Each structure stands twice: as structure tokens, then as C-alpha cells.
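Asker: First the structure, which I've put down as C-alpha cells, then a few questions once you've had a look.
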Amino acid sequence: MTDQNLKSNFELFLNKYKEKFKGENIALAVSGGSDSIALAYLANNYKEKYNYNTIAFTLDHQLRKESAEEVKHVKNIMNKIKIEHHSLIWSEEKPKTKIQETARIARYNILAKACKIHNCKYVFLGHHANDQVETFIIRLNAKSGLEGLGCMKEISRILTNSGELELVRPLLSYKKDNLIKICNRNNLKWIEDPSNINLKYLRSKTRKLLVYNDMFDDFHKAIFLFKKLNSSINSYIYNFVKNEIEFSELGI
């Protein structure tokens, strides 16, 4: 696959939302893995054509002794591709249990605060097709309903300590190996997080299942169908409420 082919899906995504991002500061959540480094490269590649600005943020969770050096590595990469970069720190006392869940909540709260300071309306995240399939398997095992099995959306909103944060996932059509190709072809070195292969975490165990392409593709098709079905049902409910229910002045 050529470098241009690897970029094309990203431009299709940007073209879809070009009026939304036009003239905006776009925050890039860059952890240093191949997915977020590729995200930064792609987002920066099109910023002039689609008229937006990019600002990268890297959070040091202070959970591993190597983390401070890893943040410096990300800063060097961002300087190399000419993206403004800011280092953030999770300095609070760390919990003894549910560390990944707590870290995720802290990450979004800290990121939202930084976005407010730097006037960023949107945050681009590096979640990709492999993450999507892993999420589907985890939620299927947890007996999730339609909404959950539709998995991650291209654009969603969450509430943080600093208000609402709009999350954007441009890489959901990319497989992990294609993001690695983008990094390799542009001489961008990434960091391997050891927690990604630590089998005490459910997502790491789930990742071990996805060794066959046929299995991956089947799960990906299932996600599309659940997402489509969920959208159709939500649309039906919305139209029913709009057309068949009357509200009094009291709102009943």
C-alpha cells in the first residue's frame, strides 16, 4: 500500500467534517505509541489544506520510572514534524486498584483543562480498528446492549471536571499495522507501552484472540451492523416521540 493510500482514509474523514474543524485549534492526544504518532503526522499533514491548527498534548501518568523520558521523546518527535507540544502530569496519589479506569478518568480531566487553556474545541484520539474490535469483544462478554455493541463513535462528548469535551476518532478505519507503516515510512519512532502486553489487563488478554484476519474482519462487520441497527432504532424512537407525544406546559 502506497503512502498516499495510507493517507486517503484520513482525508475522507476530514472532508466529511471540514466545516466543523475549519479555523479551530485541534488538540492531539499523543501518548507516544504508533497509533497516536501516526495520528499526529496525518493531522498535521492536512492542517493547511483544511484550515485548522494542531496542538499536541502528552500526559505523564507517573506510573512508570521511564514515563518522563518517554514524554521528552514525544516532544522531540512533535518538534521534528513542527507541532506545538505541551507536557501534562497526573500528579495525584495513585489508587491501589482499578488503576486503568482511574487513569482514564484522570486523563480526560487533565486533557479537558489543557484544552480550555489553549482554546481547543476538539480532541483527536488515536483509537483504531483493532481497538474497536477489542472493545466489541469486551462489551459482548459483559452482555452490553445495542448502544455498547456499536462501540466507539467517530465523534462523541463526555463531561469532565472542566466541562464538556468533544472527542474525535479519525482512525477507526485504520488497522494497527497500517499505522505502524505510516510511522516507519516517515522515520517516526514510537514507544511500546509494556501494559499493552500485560495479561493481568482484560484488553491485553482480548488482544491475544485477534490473531486471524478472518476473525478480525467478521468482528468488524458485526460492529457495523450493531451500529447501524442502534442508529435505526434511535431514529425510530426520536420520530415517534416527536410526532406522537404531546407535552403540556408542565412538561408532562
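Asker: Inside region 150-177, can you point out the residues that are in a strand (DSSP E or B), of a type outside the set (Asp, Glu) and under 21 Å from residue 28 (Cβ atoms)? Full working, then the answer.
Answerer: From region 150-177, those in a strand (DSSP E or B) are 155-160, 163-168; that's our starting set.
Right, trim to of a type outside the set (Asp, Glu) and you get 155-160, 163, 165, 167-168.
155, 156, 157, 158, 160, 163, 165, 167, 168 - these are the residues of region 150-177 that are in a strand (DSSP E or B), of a type outside the set (Asp, Glu) and under 21 Å from residue 28 (Cβ atoms).
Asker: Here is a further query. Conditions first: (1) at pLDDT below 95; (2) outside any helix (DSSP H, G or I); (3) under 26 Å from residue 41 (Cα atoms); (4) open to solvent by less than 100 Å² (accessible area, probe 1.4 Å). Residue 196 passes all but one, so which condition is the exception?
Answerer: Of (1) at pLDDT below 95; (2) outside any helix (DSSP H, G or I); (3) under 26 Å from residue 41 (Cα atoms); (4) open to solvent by less than 100 Å² (accessible area, probe 1.4 Å), only one is false for residue 196: (2).
Asker: Out of everything in region 49-73 that is under 16 Å from residue 29 (Cα atoms) and among the acidic types (Asp, Glu), what residue ends up being most open to solvent (accessible area, probe 1.4 Å)?
Answerer: 70
Asker: Let me ask something else about it. Output the number of the condition that residue 76 fails; it satisfies all remaining conditions of (1) touching a Phe, Trp or Tyr at 6+ places or on another chain (Cβ under 9 Å); (2) under 17 Å from residue 31 (Cβ atoms); (3) open to solvent by 90 Å² or more (accessible area, probe 1.4 Å).
Answerer: If we test residue 76 against (1) touching a Phe, Trp or Tyr at 6+ places or on another chain (Cβ under 9 Å); (2) under 17 Å from residue 31 (Cβ atoms); (3) open to solvent by 90 Å² or more (accessible area, probe 1.4 Å), just (1) comes out false.
Asker: Hey, another quick one. Spot the failing condition for residue 23; the list is (1) modelled with pLDDT of 95 or more; (2) surrounded by 15 or more Cβ atoms within 10 Å (Cβ to Cβ); (3) among the small types (Gly, Ala, Ser), and only one is missed.
Answerer: Residue 23 satisfies every listed condition except (2).
Asker: Contact list please: Cβ distance under 6 Å, first residue in region 143-165 and under 10 Å from residue 109 (Cβ atoms), second residue open to solvent by 40 Å² or more (accessible area, probe 1.4 Å) and not small (Gly, Ala, Ser), pairs at least six apart or on different chains.
Answerer: Every condition considered, the pairs that remain are 162/113; 162/116; 165/158.
Asker: Taking the conditions exactly as written (of a type in the set (Ser, Thr, Tyr) and at pLDDT below 95), does residue 156 satisfy them or not?
Answerer: Values: of a type in the set (Ser, Thr, Tyr): yes; at pLDDT below 95: no.
Judged against the criteria, residue 156 is not a match.
Asker: It is to be established whether one or more residues within region 162-170 are more than 30 Å from residue 6 (Cα to Cα), of a type outside the set (D, E, K, R), open to solvent by less than 10 Å² (accessible area, probe 1.4 Å) and in contact with a Leu (Cβ under 9 Å, 6 or more places away or on another chain). Spell out the reasoning first.
Answerer: Of all residues in region 162-170, those more than 30 Å from residue 6 (Cα to Cα) come to 162-164.
If we keep only those that are of a type outside the set (D, E, K, R) as well, we get 162-163.
Retained after the next criterion (residues that are open to solvent by less than 10 Å² (accessible area, probe 1.4 Å)): none.
Within region 162-170 (the criterion being more than 30 Å from residue 6 (Cα to Cα), of a type outside the set (D, E, K, R), open to solvent by less than 10 Å² (accessible area, probe 1.4 Å) and in contact with a Leu (Cβ under 9 Å, 6 or more places away or on another chain)), the answer is no, since none of the residues qualifies.
Asker: Taking the options 118, 128, 86, name whichever one is surrounded by fewer than 16 Cβ atoms within 10 Å (Cβ to Cβ) and in contact (Cβ under 8 Å) with a residue 60 or more places away in the chain. Spell out how you get there, then give the answer.
Answerer: Values: 128 fails: surrounded by fewer than 16 Cβ atoms within 10 Å (Cβ to Cβ); 86 fails: in contact (Cβ under 8 Å) with a residue 60 or more places away in the chain.
The unique qualifying residue is 118.
Asker: Taking the residues in region 133-149 that are open to solvent by 70 Å² or more (accessible area, probe 1.4 Å) and assigned to a helix (DSSP H, G or I) as candidates, determine which candidate is nearest to residue 225 (Cα to Cα).
Answerer: The selected residue is 147.
Asker: I need the full set of residues from region 95-115 which are touching a residue at least 40 places away in the same chain (Cβ under 8 Å) and open to solvent by 100 Å² or more (accessible area, probe 1.4 Å), in order please.
Answerer: Matches in region 95-115: 113 only.
Asker: Another question, if that's okay. Give me the residue from region 213-232 that is within 21 Å of the chain's Cα centre (by Cα) and charged (D, E, K, R) and, out of that set, modelled with the lowest pLDDT.
Answerer: Here the answer is 217.
Asker: If we keep just the residues of region 1-10 that are modelled with pLDDT under 95 and not hydroxyl-bearing (Ser, Thr, Tyr), which is nearest to residue 173 (Cα to Cα)? Step through it out loud before you land on a result.
Answerer: Initial filter on region 1-10 (modelled with pLDDT under 95): 1-9.
From what is left, the residues that are not hydroxyl-bearing (Ser, Thr, Tyr) are 1, 3-7, 9.
Details: 1: 15, 3: 16, 4: 15, 5: 13, 6: 11, 7: 11, 9: 7 Å.
Checking each candidate, the answer is 9.
Asker: While we're looking at this one, here's another question. Can you work out which of the residues in region 41-83 that are farther than 30 Å from residue 22 by Cα and of a type in the set (A, V, I, L, M) is modelled with the highest pLDDT?
Answerer: Ranking the qualifying residues of region 41-83, first place goes to 68.
Asker: Would you confirm whether or not region 102-116 contains a residue that is out of contact with any Leu (no Cβ under 8 Å at 6 or more places or on another chain) and under 25 Å from residue 220 (Cβ atoms)? So that I can check it myself, show each step before the final result.
Answerer: First, pick out the residues of region 102-116 that are out of contact with any Leu (no Cβ under 8 Å at 6 or more places or on another chain): 102, 104-106, 109, 113, 116.
Within this subset, residues satisfying the condition of being under 25 Å from residue 220 (Cβ atoms) are 104.
There is at least one residue in region 102-116 that is out of contact with any Leu (no Cβ under 8 Å at 6 or more places or on another chain) and under 25 Å from residue 220 (Cβ atoms).
The values are calculated or read from the model by the stated rules, or taken from the named source; none is laboratory data. The structure displayed is predicted, hence computed values, not measured ones. Positions of Cβ are generated from backbone atoms using ideal geometry, with glycine treated the same way; all protein chains shown enter the neighbour counts. Surface accessibility is based on the protein's heavy atoms, side chains included, excluding ligands, DNA and RNA. Shrake-Rupley method; radii C 1.70, N 1.55, O 1.52, S 1.80 Å.
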